[in-house]
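**Student:** Take this structure, written in structure tokens, and hold onto it; I'll ask about it next.
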Amino acid sequence: MRIRLRWDVSRCAGPGGIRLFRGEESGWAYAYVGPGYSMPRGPVTSLRHVYATPESVAAAADSLVRTGWPPAEAHGEEWSQAGAVCAAINAYRLR
């Protein structure tokens, strides 16, 4: 399962937009995006868990949109619904 959140240039500091995405095995990462290009910038190391809390993801997104950089402070808490989400993903894969 993947999650992709994207903000266009009108919302972001800097020359282009930003994409925040989560891969199931790789965790959270971000990229600068624009017409015809995507520049992967690396992991969002402040989000310590693949299933970070919605508040932690929102804080990381806010920092990316406002400054172009992920937050420096760590968000180590895991979302309370992570177990239920994992179970639903696994049940879907078994079909």
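**Student:** Which pairs do you get when a residue that is in contact (Cβ under 8 Å) with a residue 12 or more places away in the chain and under 22 Å from GLY17 (Cβ atoms), found in the range 60-88, comes within reach of a residue that is loosely packed, with under 15 Cβ neighbours inside 10 Å and basic (Lys, Arg), reach meaning Cβ atoms under 7 angstrom, with the pair 6+ apart or on two chains?
**Tutor:** Between residues of the range 60-88 that are in contact (Cβ under 8 Å) with a residue 12 or more places away in the chain and under 22 Å from GLY17 (Cβ atoms) and residues that are loosely packed, with under 15 Cβ neighbours inside 10 Å and basic (Lys, Arg), the close pairs are VAL65/ARG11.
**Student:** I want to confirm something. Restricting to the range 26-46 and keeping residues that are in a strand (DSSP E or B) and either of a type in the set (Ser, Thr, Tyr) or modelled with pLDDT under 85 (or both), which single residue is nearest to ALA74 (Cα to Cα)?
**Tutor:** Per the stated criteria, the residue is GLY27.
**Student:** Output the number of residues of the range 22-36 satisfying the condition of being among the aromatic types (Phe, Trp, Tyr) and touching a helix residue (DSSP H, G or I) at 6+ places or on another chain (Cβ under 9 Å).
**Tutor:** 2
**Student:** Is it the case that some residue within the range 64-80 is out of contact with any Phe, Trp or Tyr (no Cβ under 7 Å at 6 or more places or on another chain), in a helix (DSSP H, G or I) and surrounded by fewer than 18 Cβ atoms within 10 Å (Cβ to Cβ)?
**Tutor:** Looking through the range 64-80, at least one residue is out of contact with any Phe, Trp or Tyr (no Cβ under 7 Å at 6 or more places or on another chain), in a helix (DSSP H, G or I) and surrounded by fewer than 18 Cβ atoms within 10 Å (Cβ to Cβ).
**Student:** Next question, about the same structure. Could you tell me how many of the residues in the range 81-95 are part of a helix (DSSP H, G or I) and polar (S, T, N, Q)?
**Tutor:** 1
The values are calculated or read from the model by the stated rules, or taken from the named source; none is laboratory data. Quantities reported herein were computed from a predicted structural model and do not represent experimental measurements. Neighbour counts are summed over all protein chains in view; Cβ atoms, including those assigned to glycine, are modelled from backbone coordinates with ideal geometry.
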